[in-house]
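Let me begin by presenting the structure, written as structure tokens, before commenting on it.
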Amino acid sequence: MARPLLPDPLERRVLLEKQLDAAHALRIADAYLAEERVIEALAFLSRAGATDRLMALREQAVATGDAFLLREVCRELGQPPAAPEWRSLSDAAEAAGKLRYADQSRRQLGRTAEG
């Protein structure tokens, strides 16, 4: 099976700057996801209006303890992570040995409680 052609960085930027129909954006996002390039897929999922898929990635980020992915997905959704998400992410990150992400999530949890 042939690998889907993914845009190079310059083409990616051009695609995101121009009008891109939802179906085309979703095809590009799926190609990135097939290559496990989740971060690069986020902007295309957002452009496609695939909120349900972004929410699924948000849940995945929490479950796997990936603080970076959670922040990026939430940025695309325009919704900051909630305190329970940071708490769950911290537990998952610690269990997975992702101590830096566990620490980051605890700091974010503290900021959420203050705000």
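The values are calculated or read from the model by the stated rules, or taken from the named source; none is laboratory data. For clarity, every value in this text was computed on a predicted model and none was experimentally measured. So basically every Cβ, Gly included, is an ideal-geometry build from the backbone, and we count neighbours across all protein chains shown.
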Please state which of the following conditions Ala41 fails to meet, knowing it meets all the rest: (1) loosely packed, with under 14 Cβ neighbours inside 10 Å; (2) in the same structural domain as Ala25 (by TED's automatic domain parsing).
(1)
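One line per residue, one yes/no per condition, for (1) at pLDDT 95 or above; (2) closer than 21 Å to Tyr101 by Cα:
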position: Asp8; (1), (2): no, no
position: Arg13; (1), (2): no, no
position: Asp21; (1), (2): no, no
position: Leu45; (1), (2): yes, no
position: Gly65; (1), (2): yes, yes
position: Phe68; (1), (2): yes, yes
position: Ser88; (1), (2): yes, yes
Residues that are of a type in the set (Gly, Ala, Ser) and over 16 Å from the mean Cα position of the chain (by Cα), at least 2 per element: which helices (runs of 4 or more DSSP H) completely within region 1-54 meet that?
22-34
Pick out the one residue from Ala56, Ala67, Ala25 that is touching a Leu at 6+ places or on another chain (Cβ under 7 Å) and either surrounded by fewer than 16 Cβ atoms within 10 Å (Cβ to Cβ) or among the aliphatic types (A, V, I, L, M) (or both).
Ala67
What's the number of the condition Pro81 fails, among (1) assigned to a helix (DSSP H, G or I); (2) touching a residue at least 24 places away in the same chain (Cβ under 8 Å); (3) buried (at least 20 other Cβ atoms within 10 Å of the Cβ)?
(1)
Here are the criteria: (1) of a type outside the set (Ser, Thr, Tyr); (2) out of contact with any helix residue (DSSP H, G or I) (no Cβ under 7 Å at 6 or more places or on another chain); (3) farther than 29 Å from Phe44 by Cβ; (4) in a helix (DSSP H, G or I). Tell me which single one Gly97 does not satisfy.
(4)
Right, Leu89: touching a Pro at 6+ places or on another chain (Cβ under 7 Å) and either of a type outside the set (D, E, K, R) or not assigned by TED's automatic domain parsing to the domain that holds Thr112 (or both) or not?
no
Would it be correct to say that Ala93 is on the phi < 0 side of the Ramachandran plot, at pLDDT 95 or above and in contact with a Gly (Cβ under 6 Å, 6 or more places away or on another chain)?
yes
